[in-house]
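Engineer: Let me begin by handing over the structure; questions about it come next.
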Amino acid sequence: MNYSNQHSQQIAFVLHALIFLCIPGLATAQTFHELPPIADAEGFAAPYVGVSGGSLIVAGGANFPHKPRWETGKVWYDTIFILDTPNGEWRKSKSKLPRPLAYGLSFNLAKSDRSLALKIPHGVLCIGGGDSKEHIADCFILTLTKNGIRISKLPSLPAPLANTTGVIHEGIVYVLGGLHKPTSERPAQVFWKLDLTTTSKDFQWEELPPWPGAPRMLAVAGVIHNTICLFSGTDLVKNEDGSLSRQYLKDGFAYDLQTRQWRKTATLPRPAVAAPTPAITTNNALLVVSGDHGELASQTDLLKDKHPGFPTGVLAYNPQRDSWSKANDFPKDVGDNPADNPHAGTWPPVVTNITNWHGQPVIVCGEVRPRVRSRRVFMVRF
């Protein structure tokens with residue numbers, strides 16, 4: 001089936017989801033515009049996402065392609081998909097990742113970012129990730145060329161890391177939390193930075209003081225007003241039988257880049273584990289889209305395809321007031337018989353990276369229910 005053609009036959013529509021932030025002096029209206037769905041039958045969770053040469057790049061990711069999905073294993077991918085224009089058709093690159101990978105972090109290294117050192121290649125910066133056997137410390141840049149995708153290496157992380165979060169700000173990359181190994185019994189309490197503005201011969205990762213709270217993975221970070229914020233995530237706790245359970249967190253922390261000091265922020269209204277990262281920055285707020293609240297975590301195997309999905313709520317953090325407000329929901333339409341047709345309808349995604357394309361945030365694919373991935377791509381317009 002040609003999924004690009006299938007999409008072109010559909011009536012282009014706008015999912016009207018006006019978000020009014022309850023912040024004095026600010027009324028931000030947003031709409032979620034659906035772009036062509038990625039040209040894969042299942043879609044992916046946790047791919048690397050970014051922009052190179054003006055095109056949207058989606059690389060790697062993981063899904064459950066075999067049926068029955070509840071009795072088969074997860075598959076990781078090395079494929080790279082390219083969308084040249086918002087109303088274009090996806091194409092699969094002949095180039096591939098060095099290996100099948102997912103659950104890493106990614107950022108744009110744009111030509112327009114004059115803070116970057118001249119020797120830094122422009123493209124999609126991919127950080128960490130892994131597969132079922134191991135997590136990796138590799139960092140590399142994907143650059144779109146006439147001959148395919150060129151891969152340029154950067155210094156590796158101080159240790160392997162997946163399920164992490166972070167931001168890029170004025171040419172400096174910040175990475176927070178994550179999981180060192182698939183078998184780790186606690187998340188990593190790490191805060192690392194890589195300065196890509198320096199003109200020195202070598203770039204090196206630098207360790208910064210971590211936040212004064214529990215270690216965590218699958219958190220969401222954002223940057224606003226020269227401050228890095230870290231929200232939610234999950235810790236791991238050991239049960240009496242030796243098994244591990246997730247502890248869903250709803251605390252937050254803010255790191256002032258000038259004073260280099262951490263402080264606690266207002267508590268989130270609910271956990272937002274694995275919300276698309278980084279948080280969307282507006283003039284006066286950080287937006288956290290969906291995220292798992294954990295209320296159904298213990299029932300996943302019982303619910304299976306009857307799982308209702310993740311919260312539709314979009315949370316807005318105002319750093320000036322240190323307060324949270326509830327923005328309008330992410331659009332949701334379960335479609336016809338979602339248990340038998342899992343890709344029908346529209347569902348809030350988690351476990352994916354957000355990038356900026358044509359000056360707007362773009363949310364690509366993600367997990368929409370346990371073991372169900374999404375092919376859908378949304379551009380958030382202000």
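Engineer: Of the conditions (1) over 18 Å from the mean Cα position of the chain (by Cα); (2) at pLDDT 95 or above; (3) more than 20 Å from residue 179 (Cβ to Cβ), residue 78 fails just one. Which one is it?
Structural biologist: Going through the list (1) over 18 Å from the mean Cα position of the chain (by Cα); (2) at pLDDT 95 or above; (3) more than 20 Å from residue 179 (Cβ to Cβ), residue 78 breaks only (1).
Engineer: Another one. Restricting attention to the range 216-260, which residues are within 22 Å of the chain's Cα centre (by Cα) and part of a loop (DSSP other than H, G, I, E, B)?
Structural biologist: Step one: filter the range 216-260 for residues within 22 Å of the chain's Cα centre (by Cα), giving 216-236, 246-255.
Answer for the range 216-260, where residues must be within 22 Å of the chain's Cα centre (by Cα) and part of a loop (DSSP other than H, G, I, E, B): 216, 218, 219, 225, 226, 232, 233, 249, 250, 251.
Engineer: Out of the residues in the range 129-151 meeting the condition of being surrounded by fewer than 15 Cβ atoms within 10 Å (Cβ to Cβ) and among the polar types (S, T, N, Q), tell me which one is nearest to the chain's Cα centre (by Cα).
Structural biologist: Of everything passing the filter in the range 129-151, 132 is nearest to the chain's Cα centre (by Cα).
Engineer: Let me ask something else. Can you run down the residue pairs with Cβ atoms below 8 Å, 6 or more apart or on separate chains, where the first is in the range 182-208 and farther than 18 Å from residue 222 by Cα and the partner is of a type in the set (Val, Ile, Thr) and part of a loop (DSSP other than H, G, I, E, B)?
Structural biologist: Within 8 Å, the pairs are 188/164; 196/120; 207/190.
Engineer: Go over the candidates 349, 319 one by one and state the one that is over 24 Å from residue 64 (Cα atoms), touching a Cys at 6+ places or on another chain (Cβ under 9 Å) and either touching a residue at least 12 places away in the same chain (Cβ under 8 Å) or crowded, with 19+ Cβ neighbours inside 10 Å (or both).
Structural biologist: Sole residue among the options that is over 24 Å from residue 64 (Cα atoms), touching a Cys at 6+ places or on another chain (Cβ under 9 Å) and either touching a residue at least 12 places away in the same chain (Cβ under 8 Å) or crowded, with 19+ Cβ neighbours inside 10 Å (or both): 319.
Engineer: Same structure again: Among the residues of the range 50-74, write down those that are closer than 20 Å to residue 168 by Cα, not in a loop (DSSP other than H, G, I, E, B) and not aliphatic (A, V, I, L, M). Spell out how you get there, then give the answer.
Structural biologist: So the first thing to find is which residues in the range 50-74 are closer than 20 Å to residue 168 by Cα, and the list is 50-59.
Filter once more, so that each one left must be not in a loop (DSSP other than H, G, I, E, B): 50-52, 55-59.
Within the range 50-74, 50, 52, 55 meet the criteria.
Engineer: Scan the range 70-99 for residues that are within 30 Å of residue 303 (Cα to Cα) and touching a helix residue (DSSP H, G or I) at 6+ places or on another chain (Cβ under 8 Å) and jot them down. Can you show your working first?
Structural biologist: Within the range 70-99, the first condition is being within 30 Å of residue 303 (Cα to Cα), and the residues that meet it are 70-77.
Selection gives 70 alone.
Engineer: Of everything in the range 151-177, what is touching a residue at least 40 places away in the same chain (Cβ under 8 Å) and of a type in the set (Lys, Arg)? Give them in sequence order.
Structural biologist: Hits for the range 151-177: nothing passes.
Condition check ((1) out of contact with any Ser or Thr (no Cβ under 9 Å at 6 or more places or on another chain); (2) among the small types (Gly, Ala, Ser); (3) at pLDDT 95 or above) across all residues:
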| position | (1), (2), (3) |
| --- | --- |
| 173 | yes, no, yes |
| 179 | no, no, yes |
| 199 | yes, no, no |
| 224 | no, no, yes |
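Engineer: Also, quick follow-up: Could you count how many residues in the range 191-218 are in contact with a Leu (Cβ under 7 Å, 6 or more places away or on another chain) and either farther than 27 Å from residue 271 by Cα or not small (Gly, Ala, Ser) (or both)? Spell out the reasoning first.
Structural biologist: Here is the first cut: in the range 191-218, the ones in contact with a Leu (Cβ under 7 Å, 6 or more places away or on another chain) are 191-193, 196-197, 203, 205, 211, 214, 216-217.
After this cut, where a residue has to be either farther than 27 Å from residue 271 by Cα or not small (Gly, Ala, Ser) (or both) as well, the list is 191-193, 196-197, 203, 205, 211, 216-217.
Total satisfying the criteria: 10.
Engineer: Residue pairs, Cβ under 8 Å, 6 or more apart or interchain, first in the range 352-375 and without any contact (Cβ under 8 Å) to a residue 40 or more places away in the chain, second not in a strand (DSSP E or B). List them.
Structural biologist: 360/382
Engineer: Here's a follow-up. Go through the range 262-274 residue by residue and tally those that are part of a strand (DSSP E or B) and not β-branched (Val, Ile, Thr).
Structural biologist: First, the residues of the range 262-274 that are part of a strand (DSSP E or B): 262-264, 273.
Among the residues that remain, those that are also not β-branched (Val, Ile, Thr) are: 262-264.
So the count comes out to 3.
Engineer: Then there's this: Going through the range 357-369 one residue at a time, which ones are over 12 Å from the mean Cα position of the chain (by Cα) and closer than 17 Å to residue 47 by Cβ? Outline the logic, then answer.
Structural biologist: Going through the range 357-369, the residues over 12 Å from the mean Cα position of the chain (by Cα) turn out to be 357-360, 368-369.
Matches in the range 357-369: 357, 368.
Engineer: OK, next. Return a yes/no flag: does the range 33-48 have any residue that is hydroxyl-bearing (Ser, Thr, Tyr), in a loop (DSSP other than H, G, I, E, B) and at pLDDT 95 or above.
Structural biologist: Within the range 33-48, not a single residue is hydroxyl-bearing (Ser, Thr, Tyr), in a loop (DSSP other than H, G, I, E, B) and at pLDDT 95 or above.
Engineer: Could you look through the range 56-112, keep only residues that are β-branched (Val, Ile, Thr) and surrounded by fewer than 15 Cβ atoms within 10 Å (Cβ to Cβ), and pick out the one that is farthest from residue 355 (Cα to Cα)?
Structural biologist: Residues of the range 56-112 β-branched (Val, Ile, Thr): 57-58, 72, 75, 79-80, 82, 85.
Checking which are surrounded by fewer than 15 Cβ atoms within 10 Å (Cβ to Cβ) leaves us with 72, 85.
Numbers: 72: 31, 85: 15 Å.
Once the filter is applied, the top-ranked residue is 72.
Engineer: Also: Which of the residues belonging to the range 225-258 are without any contact (Cβ under 8 Å) to a residue 12 or more places away in the chain, of a type in the set (Gly, Ala, Ser) and on the phi < 0 side of the Ramachandran plot? Full working, then the answer.
Structural biologist: Of the residues in the range 225-258, the ones without any contact (Cβ under 8 Å) to a residue 12 or more places away in the chain are 237, 239-243, 245.
Those left that are additionally of a type in the set (Gly, Ala, Ser): 242-243, 245.
243, 245, listed by residue number.
Engineer: Can you find a residue in the range 115-136 that is under 27 Å from residue 280 (Cα atoms), out of contact with any Leu (no Cβ under 9 Å at 6 or more places or on another chain) and not acidic (Asp, Glu)?
Structural biologist: no
The values are calculated or read from the model by the stated rules, or taken from the named source; none is laboratory data. This is a predicted model, so every value here is computed, not measured. Using ideal geometry, Cβ is built from the backbone for each residue, glycine included, and neighbour counts are taken over all protein chains shown.
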